[in-house]
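First up is the structure itself, then whatever we jot down about it.
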Amino acid sequence: NRMASNSYVVEYAKTGRSTCKNSKCKQNIPKESLRIGKKSPSRFSEDTEQTEWYHYNCAFDTLSRARKTTKKIESEEDLENFDMLADAEQELIRQCLKGNIPPVGKVSGDGSDDGEKKPAPKKAAPKKKAAASKVAMTKFTASIVPEKEGKSLELKQGSNKFGRGLLAKKDKRVSKDQLEIRVAINNTMTIICTGTNPSFYEPKGEEVILMANGQSYPLKDGAKIHLVMDEYPYIVHAEEITESVPAKKETQKKPAAKKAKKRSKDR
């Protein structure tokens, strides 16, 4: 049974070139976003596998509509590389396993709910100008700032790797990619030691922790990072800022004026 040989893998997208195979989505999967691959025997060779990629929520949505004979993702053990995910992404998968699956299209960032086209709005009579309305928007900002000397680093959503490039002077004890900070979709952060030599992590108000290589730790505002013990300390700054911005106005196109046709006269 070919279906029985299906398996699943979860990872952060290595490029931004793959397209979601969910028939209700078909959108691009951004680089470093969470995706699930369905691995099955190749139709062209029994010795090779083919992988179809989905947004993580689109994979669960597709399987919810699949045949009973199709192998499903029923536990964390059914997902290869699950233990390699940051805590925040592991929690996203656990929620899907419980049946709390985000709507198709919400994670891909296209802002659509179900892909259905909305009917075109009817033309309305011109309205009097009203006071501009405002809406509240929340913006998440995060960075690491040197306590003494060195360069600061703005943290973006996804993976942020850094090391000796931030230092004011070269130090061979610090790898090029000494540490990695991952910022999840829900703005939670984790830090991972990826360098040859150990780094140290000091949560705000707590004792210093020797970071095990490859182990992830939750990262919050006010924490301190030591690239080398007692040297090159960096402070984590993270906050959510709510701003009031003008709401977008819906503009209506005026119908083009018909040009009067000139009648030619025979002379």
**Message:** Give all pairs with beta carbons closer than 7 Å in which a residue from the range 177-199 that is within 15 Å of Gly163 (Cα to Cα) meets a residue that is at pLDDT 85 or above and of a type in the set (Asp, Glu); count only pairs at least 6 apart in sequence or on separate chains.
**Reply:** Ile192/Glu180; Thr194/Asp177; Thr194/Glu180; Gly195/Asp177
**Request:** Within the range 176-187, track down each residue that is buried (at least 18 other Cβ atoms within 10 Å of the Cβ) and either β-branched (Val, Ile, Thr) or modelled with pLDDT of 85 or more (or both).
**Result:** Glu180, Ile181, Arg182, Val183, Ala184
**Residues within the range 134-163 that are at pLDDT 80 or above and open to solvent by less than 100 Å² (accessible area, probe 1.4 Å), tallied** = 14
**Request:** Quick one: in the range 37-90, of everything that is aliphatic (A, V, I, L, M) and touching a residue at least 60 places away in the same chain (Cβ under 8 Å), which residue is nearest to Asn22 (Cα to Cα)?
**Result:** Ile73
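Conditions tested, residue by residue: (1) among the charged types (D, E, K, R); (2) at pLDDT 95 or above; (3) surrounded by 14 or more Cβ atoms within 10 Å (Cβ to Cβ).
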site	(1), (2), (3)
Arg67	yes, no, no
Lys71	yes, no, yes
Ser75	no, yes, no
Glu80	yes, yes, yes
Asp83	yes, yes, no
Ala88	no, yes, yes
Leu92	no, yes, yes
Leu97	no, yes, yes
Gly105	no, no, yes
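Matching residues to (1) open to solvent by 60 Å² or more (accessible area, probe 1.4 Å); (2) modelled with pLDDT under 85; (3) of a type in the set (Ser, Thr, Tyr); (4) under 21 Å from the mean Cα position of the chain (by Cα):
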position	(1), (2), (3), (4)
Val174	no, yes, no, no
Ile191	no, no, no, yes
Phe200	no, yes, no, no
Gly214	no, yes, no, yes
Leu219	no, no, no, yes
Glu240	yes, yes, no, yes
Ser244	yes, yes, yes, no
Lys248	yes, yes, no, no
**Message:** Quick check on my filter: what residues within the range 145-181 are over 17 Å from Ala86 (Cα atoms) and in a strand (DSSP E or B)?
**Reply:** Val145, Pro146, Leu153, Glu154, Phe162
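The values are calculated or read from the model by the stated rules, or taken from the named source; none is laboratory data. Small disclaimer: the values here were computed from a predicted structure and weren't measured. Cβ atoms come from the backbone with ideal geometry, glycine included; neighbour counts cover every protein chain shown. Note: accessible area is taken over every heavy atom of the protein model, side chains too, but ligands, DNA and RNA are not part of it. Shrake-Rupley method; radii C 1.70, N 1.55, O 1.52, S 1.80 Å.
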